[in-house]
Ligand SMILES: Cc1cc2nc3c(=O)[nH]c(=O)nc-3n(C[C@H](O)[C@H](O)[C@H](O)COP(=O)(O)OP(=O)(O)OC[C@H]3O[C@@H](n4cnc5c(N)ncnc54)[C@H](O)[C@@H]3O)c2cc1C
């Protein structure tokens, strides 16, 4: 919370001028803090009379940043299966660790997950920290959070990365808050600045219209979640060696207020659009749920899956797990066929790394053609059934 000391404040307005969020106004010679305050601390830094300070959720200014060393990735596993993003994090983590000249550690929680350790080492980890316990079989944020926070406090890594998955997006902000650390969500790029070793965290900002590079100069660890399918996994090397460290946990650490009664797999999510090689995507141009049957037919013919723009999801024609883009999934298929999708930046960020993009749109100026490998200008209701038929014919020949 940002506190204003009324005895010290002189109402100079420096805080108001420097607040990027319009969260402070000076009224009757006193700074007044509004709801949009993000606790960024910019006002604290410019207040010459030291009338402002942040209380609780401390802006963690740790005196000795050099005490923090090493790159960590959280190797997410669900129901005993390692999430592909764990290997992608090792890919980028390896590069960062080499640039910093430090070790890369994978942190693995779960039950009966030791068998993943060799894969993590082969994919780039120098050390695997394993907390293997039946109480960790299911993700429960209070237990996972507590164990991760304690490990970070004890071992002091300078960087902690996790996938921007449902689990990563729940676990990492919680840990960052408790540790008073900086966190950048949904990064699409990470690099080390050579001069001072700072982690540069890049992510789309302002509705995806600009890319912002964020740094955490005062706090450690520097924490970030990274979108699945954005970073390339490292080529596995079975000759690599590493250290496996088992974490012993006591009952107190494993106590939880959450009891998992049942796990139900949604039939909708059975096709994970991030894991298929061919996606046929529909947008507002598809016009209706019925229109999506054409998309489905083409996808089935190509052994692929259906994806969608947010406009189609918002209209209720397709469910959210199919959404591609900034607020949906990032996909990297071999073939992405975009039908009736304009190619807005928020959609493009989720599919532009597809190997081949085919765009079908009746507007020849649609931005999707800027990223398409092949563009078909015309009516999707003519072109899509024609394509499906042609593929069927080719198959029969
Ligand atoms: C913060 C934020 C996050 C967002 N996140 C996402 C996201 O994750 N994913 C996402 O997709 N969007 C997202 N959006 C929305 C995004 O800005 C666009 O509004 C959206 O992508 C548009 O979807 P569309 O291309 O299907 O629709 P439109 O932009 O309306 O385009 C429809 C296209 O279909 C073409 N068309 C129409 N009829 C036919 C036809 N018969 N044959 C051929 N072509 C036809 C038109 O020429 C047009 O180009 C986000 C926006 C914001 C602000």
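Against the chain, whose longest principal axis comes from its Cα atoms, helix 166-179 is set at around 10 degrees. Scattering from the C-alpha atoms of region 249-327 alone, worked out with Debye: what is log10 I(q)/I(0) at q = 0.24 1/Å? The Cα Debye sum returns log10 ratios of -1.12. Short-range pairs are left out: with C-alpha atoms under 8 Å and at least six residues apart, the relative contact order of the chain is 12 percent. For region 2-54, state what percent of all Cα-Cα pairs lands in each successive 5 Å bin, counting from 0 Å until the bin that includes the largest distance. Pair shares across the bins are 4, 26, 40, 24, 6. For the pair residue 246 and residue 98, the difference between a 0.36 nm per residue extended length and the Cα-Cα distance amounts to 50.8 nm. Expressed to the nearest 5 percent, the antiparallel share of DSSP beta bridges inside the chain is 30 percent. For 118, 5, 196, the sequence from fewest to most other C-beta atoms within 10 Å is 196, 5, 118. Among 14, 344, 307, the largest mean-square fluctuation in a Gaussian network model of the chain, built with springs joining Cα atoms closer than 10 Å, belongs to 14. Of the residues 43, 12, 332, the one with the fewest other Cβ atoms within 10 Å heads the list, and the complete ranking is 12, 332, 43.
Seen against the Cα atoms of the chain and their longest principal axis, helix 84-100 is set at about 50 degrees.
Relative to the longest principal axis of the Cα atoms of the chain, helix 291-301 runs at roughly 80 degrees.
What does the C-alpha gyration tensor say about the overall shape of region 65-252? Classify as rounded when a/c is under 1.5, otherwise prolate if a/b is larger than b/c, or oblate. Cα axes put region 65-252 in the rounded bin.
Length gained on full extension, residue 293 to residue 170, computed as 0.36 nm times the residue gap minus the Cα-Cα distance: 40.8 nm. Note on region 206-276: the alpha carbon radius of gyration divided by the globular reference 2.2 N^0.38 Å gives 1.78.
Taking the alpha carbon gyration tensor of region 272-396, multiplying each eigenvalue by 5 and rooting it gives semi-axes of 19, 16, 15 Å, largest first.
Here the Kirkwood formula puts the hydrodynamic radius of region 120-168 at 12.5 Å, using every distinct Cα pair.
Ranked by the mean number of other Cβ atoms within 10 Å of their residues, highest first, the peptides 136-142, 321-327 come out as 321-327, 136-142. Put a dot 7 Å past the Cα of residue 300, heading toward its Cβ, do the same for residue 213, and the two dots end up 4.9 nm apart. Legend: P(r) of region 183-341 from all alpha carbon pair distances, 10 Å bins from 0, whole percents, reading 9, 25, 26, 25, 13, 3.
With contacts taken as Cα pairs under 8 Å and at least 6 residues apart, region 2-54 reaches a relative contact order of 45 percent. Among 120, 387, 87, whose mean-square fluctuation peaks in a Gaussian network model of the chain (Cα, cutoff 10 Å)? Top of the fluctuation ranking is 387.
Remark: spin-label model distance residue 81-residue 355 equals 2.2 nm, labels positioned 7 Å along the Cα→Cβ axis. Take the Cα of residue 17, step 7 Å toward its Cβ, do the same at residue 29, and the gap between the two points is 1.9 nm. When Rg and the Kirkwood Rh are both derived from Cα coordinates, the Rg/Rh ratio for the chain amounts to 1.03. The alpha carbons of region 103-142 stretch over 27, 19, 11 Å along the principal axes, in descending order. Net length available on complete extension from residue 275 to residue 150 is 41.6 nm, with 0.36 nm assigned per residue and the Cα-Cα distance removed. Considering only 199, 39, 261, the Gaussian network model of the chain with Cα springs below 10 Å gives its largest mean-square fluctuation to 261.
Quick note: the coordinates plus some simple rules give every number you see, no bench work behind them. Model, not experiment: these values are computed from the prediction. FYI the Cβ positions are ideal-geometry reconstructions off the backbone, even for glycines, and counts take in every protein chain you see.
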